[in-house]
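Working notes for the structure below.
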Amino acid sequence: MDKYIPVVVIKEIGEVDKILPALKANGINCAEITFRTSCAEEAIKLASEKYTDMLIGAGTVINAEQCEAALKAGAKFIVSPGLSVSVAKICSEKNIPYYPGCVTPTEIMQALELGITTVKFFPANVYGGLKALKALSGPFPQVKFIPTGGVDRSNIDEFLAFDKIAAIGGSFFVKEALEKMGDK
């Protein structure tokens, strides 16, 4: 897994060929394409087939049906805003990394019971940011976090300096990459 996981919202399929090359040019070889739009499945399929040197995953996966569709389209990892037991089971059976959103000790314990040791911490800024992650790391030293939401260039280095951070997720990576390419 890359240290940076761009959260990519594809509204029109043509955006795949604009956003993914921009990310690659910016040194990022990973994309979490969200299941928030009608063309998400098609975008994951295109990205997986065309950008084979990138790690393409599906984000905002909230149920088993979306998970199956994302995996069929070629997603190599699954991210959810919360914890879905049905998604966790599918990913476990297919040996696909699953990063569920977990912000409370109870949710983290549920993830651990499912064999998950890396979780998304979303929205990080609302749930206490780095201070909360450090507090949660006390009782859960085996857990790594992917903070998303409220992480940006102003605080990314602080997060990355903490050894319990597996990666940083965010849509700001896409915005930065497109701006560097002269596109908005």
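For the range 23-111, I need the span (max minus min coordinate) of the C-alpha atoms along each principal axis, in Å, sorted largest to smallest.
Ordered largest first, the range 23-111 gives principal extents of 39, 27, 24 Å.
What is the extension gain from Glu113 to Lys24, computed as 0.36 nm multiplied by their sequence separation minus the C-alpha to C-alpha distance, in nm to one decimal?
Gain on stretching Glu113 to Lys24: 28.5 nm.
Consider just the alpha-carbon atoms of the range 135-184 and return their Rg together with their Dmax, both in angstrom.
13.5, 45
Over the range 8-140, with the other protein chains present, what is the accessible area per residue in square angstrom, probe 1.4 angstrom?
Details: 6150 Å² over 133 residues.
Here the residues of the range 8-140 average 46 Å² of exposed surface.
Which entries in Lys76/Lys144; Lys131/Lys164; Lys76/Lys120; Lys3/Lys134; Lys24/Lys134; Lys72/Lys164 show an alpha-carbon gap greater than 21 Å? All intermediate terms of the calculation are to be shown ahead of the outcome.
Numbers: Lys76/Lys144 19 Å; Lys131/Lys164 12 Å; Lys76/Lys120 16 Å; Lys3/Lys134 18 Å; Lys24/Lys134 31 Å; Lys72/Lys164 31 Å.
As for pairs spanning more than 21 Å Cα to Cα, those are Lys24/Lys134; Lys72/Lys164.
Accessible area of Glu32, 1.4 Å probe, to the nearest 10 Å²?
10
What do you get for trypsin sites (Lys or Arg not before Pro) in the range 14-92 restricted to DSSP loop and a cutoff of at most 14 other Cβ within 10 Å of the site's Cβ? Could you put the intermediate results ahead of the total?
Numbers: sites: Lys18, Lys24, Arg36, Lys45, Lys50, Lys72, Lys76, Lys89; in loops: Arg36, Lys76.
Passing sites in the range 14-92 are Arg36.
Within the set of other residues whose C-beta is less than 14 Å from the C-beta of Phe140, count the net charge using Lys and Arg as +1 and Asp and Glu as -1. Provide the component values of the computation, followed by the final result.
Values: positive: Lys134, Lys144, Lys164; negative: Glu107, Glu113, Asp163.
Surrounding charge for Phe140 is 0.
Run the dipole for the chain about the Cα centre, Lys and Arg Cβ at +1, Asp and Glu Cβ at -1, nothing else charged, and hand back the magnitude in debye, nearest 20. Present the calculation step by step, with values, prior to reporting the outcome.
Working: 20 positive and 21 negative charges, 47 e Å.
Computed charge dipole of the chain: roughly 220 debye.
Using only the Cα atoms of the range 1-63, each taken as one equal point scatterer with no solvent, compute I(q) by the Debye sum, divide by I(0), and report log10 of the ratio at q = 0.16, 0.28, 0.29 Å⁻¹.
Summing over Cα pairs of the range 1-63 leads to -0.42, -1.31, -1.40.
What percentage of the solvent-accessible surface of the range 1-77, computed with a 1.4 Å probe over protein heavy atoms, is contributed by carbon and sulfur atoms?
Details: 1680 of 3460 Å².
Reported share for carbon and sulfur atoms: 48 percent.
At q = 0.11, 0.18, 0.21 Å⁻¹, what log₁₀ I(q)/I(0) does a Debye calculation on the Cα points of the range 20-169 give, no solvent, two decimals?
-0.41, -1.07, -1.32
In a shell of Cβ-Cβ distance under 10 Å around Pro6, excluding Pro6 itself, what net charge do Lys and Arg (+1) and Asp and Glu (-1) give? Could you put the intermediate results ahead of the total?
Working: positive: Lys175; negative: Asp2, Glu32, Glu176.
In short, -2.
In the range 9-77, with Lys and Arg counted as +1 and Asp and Glu as -1 at Cβ, which of these residues, Tyr51, Pro21, Phe35, has the Cα nearest the positive end of the dipole, that is, farthest along it?
Pro21
The values are calculated or read from the model by the stated rules, or taken from the named source; none is laboratory data. This structure is a prediction, so every number in the text was calculated from the model and none was measured. Using ideal geometry, Cβ is built from the backbone for each residue, glycine included, and neighbour counts are taken over all protein chains shown. Please note that ligands, DNA and RNA were not included when accessible areas were found on the heavy atoms of the full protein model with its side chains. Shrake-Rupley method; radii C 1.70, N 1.55, O 1.52, S 1.80 Å.
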